Amino acid sequence: MRIGILTSGGDCAGLNAVILAVVRRAVLGYGWDVVGIRQGTHGLMQDPPQAIDLNDQVNNDGMLRLGGTILGTINKGDPFHYPMPDGSFADRSQEVIDGYHKLGLDALIGVGGDGSMAILHRLAQMGGINLVGIPKTIDNDLAQTEYSVGFTTAVNVAVEALDRLQPTAASHDRIMILEVMGRDAGHIALFAGVAGGADAILIPEMDYDLDALTEHCLNIRKRGRNHALVIVAEAVKRDDGAAVTQDDDGQKVRYGGIGHWLADELGARTGWDTRVTVLGHVQRGGTPSPRDRVIASAFGVHAVDLIAEQKFDRVVAWSKRKVVDVAMADVIVGPRLVDTAGTMVSTAKGLGAYLGHPPKVARTAKTV
Ligand code: F6P
């Protein structure tokens, strides 16, 4: 047997741990060959396809702790709508399918988020690709899995940032605002906000009210504390409903900037000195947390076992302390948003943090 693996979408900590687990299970457990495809589907599109032999990596225990992905990845370049040098878009899906067959692969493991998984699923259906998916994304917004590879490392980074902001906030009598990633889901902000003791946690799934947030901060002061910590997810909108985004290249909206807008508003309303930290890609790099290594290892081993059982079109998942697998169609249903009636929200509220209120019109994406 000869299997391929590719990493797709934004990178995160733990991808190399996934690759190592796949190689170890396939080589040591089954005696198979493992081929690593460079730059996600982009590598399969090339002629010859860009791929490397991974069997040697079986001894590379450094991979467990190495950030990034040795295979490279892309988070744009949908092969069904591929950006061409002249500015036009082309359907290059058949080239990707041809690349898989040219490499003589019996199966493919795709490590990706919701968007990558949907693309790979479509390619697999069209081109007879025996596909197994492994969820990864710092956003933790894939349906059917409690954890995706990369999430806990990102949360750890955000908590460390709050731990470092709190003493300087206290020294200078300031409100500190921390803007974190997460795309349309607020999982990073919510987990980090609880773990890092944020006084306000703003997530895209909840509506907030600037007057109430201002009063909340002023009450903290009245109670005798001279500083406050606010964490805000990048996709939170301004109070007039406008999204705060960076230049986009026509392929994917890039969030960023809500922290600075909020600082201006909150600083003016409270009269309190306010500063902003935008964490950005720091959340994606670096050494994976032990939990991410465990999840990555369990996912990698289970994905190879699924191939051995000839079970395809499945995605491995973490559920109730176990690695399981689910139908890919049940995963590619749009982002898994924060459950506004769930434990994390009620815990944060119970701790006295300001979170706002669920929107009058419920968000459409799946909440689990
Ligand atoms: O999906 C992962 C993620 O890090 C998001 O949280 C963020 O919005 C986006 O990717 C950033 O993408 P880029 O690397 O293209 O700036």
Given the conditions (1) part of a strand (DSSP E or B); (2) in contact with a helix residue (DSSP H, G or I) (Cβ under 6 Å, 6 or more places away or on another chain); (3) small (Gly, Ala, Ser), every one holds for Ala348 apart from (1)
Among the listed residues Ile74, Ile37, identify the single one that is aliphatic (A, V, I, L, M) and in contact with a strand residue (DSSP E or B) (Cβ under 6 Å, 6 or more places away or on another chain). Ile37
Go through (1) within 16 Å of the ligand (Cβ to nearest atom); (2) under 19 Å from Val301 (Cβ atoms); (3) among the acidic types (Asp, Glu) one by one and return the number of the condition Asp78 breaks. (2)
Taking segment 104-120 and the residues there that are touching a helix residue (DSSP H, G or I) at 6+ places or on another chain (Cβ under 8 Å) and of a type in the set (A, V, I, L, M, F, W, C), the one that is farthest from the ligand (Cβ to nearest atom) would be Ala107
Hey, does segment 42-62 have a residue that's open to solvent by 10 Å² or more (accessible area, probe 1.4 Å), within 16 Å of the ligand (Cβ to nearest atom) and touching a residue at least 12 places away in the same chain (Cβ under 8 Å)? yes
Just name the residue that is nearest to Leu213 (Cα to Cα) out of those in segment 237-278 that are part of a loop (DSSP other than H, G, I, E, B), at pLDDT 90 or above and within 16 Å of the ligand (Cβ to nearest atom). Lys237
Looking at (1) under 30 Å from Leu120 (Cβ atoms); (2) open to solvent by 40 Å² or more (accessible area, probe 1.4 Å); (3) at pLDDT below 95, which one does Val361 not meet, given that it meets all the others? (1)
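Criterion first (open to solvent by less than 40 Å² (accessible area, probe 1.4 Å) and among the hydrophobic types (A, V, I, L, M, F, W, C)) does Val323 satisfy it? Explain how you work it out, then say what you get.
Numbers: open to solvent by less than 40 Å² (accessible area, probe 1.4 Å): no; among the hydrophobic types (A, V, I, L, M, F, W, C): yes.
Criteria not met by Val323.
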Cβ-Cβ below 6 Å, separation at least six or inter-chain, first residue in segment 17-34 and under 10 Å from Ser297 (Cα atoms), second of a type in the set (D, E, K, R): which pairs? Ala17/Arg293
Can you confirm whether Gly286 is out of contact with any Asp or Glu (no Cβ under 6 Å at 6 or more places or on another chain), within 16 Å of the ligand (Cβ to nearest atom) and in contact (Cβ under 8 Å) with a residue 60 or more places away in the chain? yes
Out of (1) surrounded by 24 or more Cβ atoms within 10 Å (Cβ to Cβ); (2) touching an Asp or Glu at 6+ places or on another chain (Cβ under 9 Å), the one Tyr208 does not meet is (1)
What are the residue pairs meeting all of these: first residue in segment 178-198, first residue over 16 Å from Leu337 (Cα atoms), second residue within 14 Å of the ligand (Cβ to nearest atom) and in a loop (DSSP other than H, G, I, E, B), Cβ atoms under 7 Å, and 6 or more apart or on different chains? Leu178/Leu279; Glu179/Glu234; Glu179/Leu279
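Does Val301 count as in contact (Cβ under 8 Å) with a residue 24 or more places away in the chain, over 19 Å from the mean Cα position of the chain (by Cα), away from the ligand (no atom under 16 Å from the Cβ) and within 30 Å of Arg24 (Cβ to Cβ)?
Details: in contact (Cβ under 8 Å) with a residue 24 or more places away in the chain: yes; over 19 Å from the mean Cα position of the chain (by Cα): yes; away from the ligand (no atom under 16 Å from the Cβ): yes; within 30 Å of Arg24 (Cβ to Cβ): yes.
Against the criterion (in contact (Cβ under 8 Å) with a residue 24 or more places away in the chain, over 19 Å from the mean Cα position of the chain (by Cα), away from the ligand (no atom under 16 Å from the Cβ) and within 30 Å of Arg24 (Cβ to Cβ)), Val301 qualifies.
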Number of the condition not met by Thr145 [criteria: (1) of a type outside the set (Asp, Glu); (2) out of contact with any helix residue (DSSP H, G or I) (no Cβ under 7 Å at 6 or more places or on another chain); (3) assigned to a helix (DSSP H, G or I)]: (3)
Out of segment 10-40, which residues are open to solvent by 10 Å² or more (accessible area, probe 1.4 Å) and within 16 Å of the ligand (Cβ to nearest atom)? Gly10, Asp11, Gln39
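Would you call Gly99 among the small types (Gly, Ala, Ser) and either within 16 Å of the ligand (Cβ to nearest atom) or without any contact (Cβ under 8 Å) to a residue 40 or more places away in the chain (or both)? Explain how you work it out, then say what you get.
Details: among the small types (Gly, Ala, Ser): yes; either within 16 Å of the ligand (Cβ to nearest atom) or without any contact (Cβ under 8 Å) to a residue 40 or more places away in the chain (or both): no.
Against the criterion (among the small types (Gly, Ala, Ser) and either within 16 Å of the ligand (Cβ to nearest atom) or without any contact (Cβ under 8 Å) to a residue 40 or more places away in the chain (or both)), Gly99 does not qualify.
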Among the numbered criteria (1) part of a loop (DSSP other than H, G, I, E, B); (2) farther than 30 Å from Ala341 by Cα, which single criterion is violated by Ser171? (1)
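The values are calculated or read from the model by the stated rules, or taken from the named source; none is laboratory data. Note that the structure is a prediction, hence the values are computed from the model and not measured. No Cβ is skipped: glycine too gets one built from the backbone with ideal geometry, and neighbour counts run over all protein chains shown. These accessible areas exclude ligands, DNA and RNA; they are computed on the full protein's heavy atoms, side chains included. Shrake-Rupley method; radii C 1.70, N 1.55, O 1.52, S 1.80 Å.
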